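This report concerns only the one structure given below.
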Amino acid sequence: MCPVQLFDVVSVSYTATLPSGEIIESTPEGKPLTLAIGSGQILKAAEASLLGMEPGQTRTVHIQPEDAFGPYRQGLVQEIPSAVFAGRIDPKPGMVLSLNMTKDGAAHQVPATVLAAGNETVTVDYNHPLAGRVITYTITLHAIGT
């Protein structure tokens with residue numbers, strides 16, 4: 001059988017972990033994921049690692065932040081006046097809020113993680129929770145053309 005090529009439909013199972021060993025995503029036991037190479041169903045770098053594999057092979061790849069959820073940007077940590085939330089919500093550290101942010105003149109609702117909440121200000125982080133993190137994928141190719 002030919003190895004995996006671009007646009008092939010494949011059946012895979014995988015586990016994505018952080019350097020600490022914490023599992024952040026995985027396919028359910030015994031239920032492989034069917035995907036088309038190039039579809040973007042999983043991180044593109046993880047998808048690309050399947051190229052050239054043959055059924056039965058397992059590969060481990062370490063995906064750098066630039067190819068995963070981006071670098072951590074300190075400029076995306078901001079302080080918001082506590083009065084913005086008055087009467088609507090009582091922000092607590094760890095909460096994920098949907099906040100309005102303006103980019104290129106357009107308003108967008110984006111998730112933000114509350115880092116700290118004081119009487120005067122609330123510190124929020126607009127970075128993706130996995131920004132700046134290396135993600136390790138252990139991928140097993142079960143079949144090509146399923």
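Partners of Lys92 within straight-line reach, counting lysines whose Cα lies under 30 Å from its Cα and excluding those fewer than 8 residues away in the same chain: Lys103. Computed over neighbours whose Cβ is under 14 Å from that of Val10, the net charge equals -2, Lys and Arg +1, Asp and Glu -1. If you take the beta carbon distance between Leu51 and Ser20 as r and set R0 to 30 Å, what does 1/(1 + (r/R0)^6) give as a FRET efficiency, to the nearest 0.05? For R0 = 30 Å, the calculated efficiency reads 0.55.
Between Asn119 and Ser82, the simple spin-label model (points 7 angstrom out along Cα→Cβ) gives 0.7 nm. The separation of the stretch 92-112 from the stretch 3-43, counted between C-alpha centres, amounts to 29 Å. In the chain, helices alone account for a calculated mean residue ellipticity at 222 nm of -500 deg cm²/dmol, with every DSSP H run of four or more residues adding -39,500 (n - 2.57). Scanning the chain for GluC sites (Glu not before Pro) that sit in a DSSP loop and have at most 12 other Cβ atoms within 10 Å, the longest stretch containing none of them is 30-119.
Please quote Rg/Rh for the stretch 1-51 to two decimal places, taking the Kirkwood radius as Rh and restricting both calculations to Cα atoms. All intermediate terms of the calculation are to be shown ahead of the outcome.
Working: Rg = 11.8 Å, Rh = 11.9 Å.
Computed over Cα atoms, the ratio is 0.99.
Please get the size of the charge dipole for the chain, origin at its Cα centre, with Cβ charges of +1 on Lys and Arg and -1 on Asp and Glu, quoted in debye to the nearest 20.
Charge dipole, the chain, about its Cα centre: 100 debye, nearest 20.
Size estimate for the chain follows the Kirkwood approach: the inverse of mean 1/r over distinct Cα pairs works out to 17.7 Å. Note on exposure: Asp104, Asp67, Asp125, Asp8 ranked by accessible area (1.4 Å probe, complete protein assembly) read Asp104, Asp67, Asp8, Asp125, with the most exposed listed first.
The values are calculated or read from the model by the stated rules, or taken from the named source; none is laboratory data. All figures in this text were calculated on a predicted structure; none of them were measured in a lab. Cβ atoms come from the backbone with ideal geometry, glycine included; neighbour counts cover every protein chain shown. Remember, those area values only see protein heavy atoms, side chains included, never the ligands or the DNA or RNA. Shrake-Rupley method; radii C 1.70, N 1.55, O 1.52, S 1.80 Å.
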